[in-house]
Amino acid sequence: MKLHEVSRFSRFATWVSHTSGHPSSFIFALAIIVVWAVTGPIFKFSDTWQLVINTGTTIITFLMVFVIQNTQNRDSVAIQLKLDEIIRSLDGANNALLNMEELDEKDLEAIRQSYLKLAEDARNALRKGRKQRATNPPSV
């Protein structure tokens with residue numbers, strides 16, 4: 001796929017995500033609930049009256065899960081690629097950290113523990129009044 005090609009679903013998902021996050025969408029949803037609540041006495045708060053709002057919100061919620069997940073997946077990939085580019089472009093950066101979201105949990109936890117140790121050492125040095133020194137990043 002070329003950089004400028006985006007699937008119809010992705011374009012739709014982005015549009016829905018942006019539209020549903022707009023304040024006017026919230027006001028519209030609130031208006032629907034108000035209309036539904038006001039019509040309660042007219043329909044004598046019947047089971048059908050309750051079923052209308054329950055079914056409507058369930059369907060919308062079900063569909064929104066997929067739309068939002070699609071948008072979130074694409075955003076996550078874009079952020080990871082940007083971070084990878086930053087790591088790649090910095091002198092002294094540990095290029096082994098590129099694409100690390102593909103590592104398994106065990107490897108990620110080992111790297112996390114190494115960074116936690118670096119942070120703890122730096123905090124201890126600050127507490128003792130020593131200037132923080134640059135250390136080598138953990139190996140992957």
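We did not get these values from a lab; they are worked out from the coordinates using the rules stated. All figures in this text were calculated on a predicted structure; none of them were measured in a lab. Ideal geometry is used to build each Cβ from the backbone, glycine not excepted, and the neighbour counts take in all protein chains shown.
To the nearest µm²/s, what D does Stokes-Einstein give for region 17-64 at 25 °C and 0.890 mPa s, using the Kirkwood radius over alpha carbon pairs as Rh? For these conditions, the coefficient is 209 µm²/s. For a straight C-alpha distance cut-off of 20 angstrom, the aspartates and glutamates reachable from Lys128 (same-chain residues fewer than eight places away being disregarded) are Glu120. Pairs of Cα atoms nearer than 8 Å and 6+ residues apart set the relative contact order; for region 8-100 it is 30 percent. Restricting the chymotrypsin sites (Phe, Trp or Tyr not before Pro) of region 21-120 to loop positions (DSSP other than H, G, I, E, B) with no more than 15 neighbouring Cβ atoms within 10 Å leaves Phe43, Phe45.
Only Cα sites of the chain enter the Debye sum here, all with the same form factor; the resulting log10 I(q)/I(0) across q = 0.19, 0.21 1/Å is -1.16, -1.26, listed in q order. If r is the Cβ-Cβ distance from Ile79 to Trp36 and R0 is 35 Å, what FRET efficiency results, to the nearest 0.05? That gives a FRET efficiency of 0.35. Could you work out which residue, out of Arg130, Arg74, Arg112, moves most in a Gaussian network model of the chain, that is, has the largest mean-square fluctuation with Cα springs under 10 Å? Maximum fluctuation in the GNM of the chain, among the listed residues, is at Arg130.
Efficiency by 1/(1 + (r/R0)^6): what FRET value for Gln72 and Ile27, r their Cβ-Cβ distance, R0 = 30 Å, to the nearest 0.05?
0.80
The label-point distance for Lys117 and Ile86, in a model that sets each label 7 Å from Cα toward Cβ, rounds to 2.5 nm. Charge dipole of the chain (Cα centre as origin; +1 on each Lys and Arg Cβ, -1 on each Asp and Glu Cβ, all else neutral): 600 debye, rounded to the nearest 20.
Could you give the length gained on full extension between Ile60 and Phe45, defined as 0.36 nm per residue of separation minus the Cα-Cα distance, in nm?
Working: separation 15, 0.36 × 15 = 5.40 nm, distance 2.22 nm.
Contour length minus the Cα-Cα distance gives 3.2 nm.
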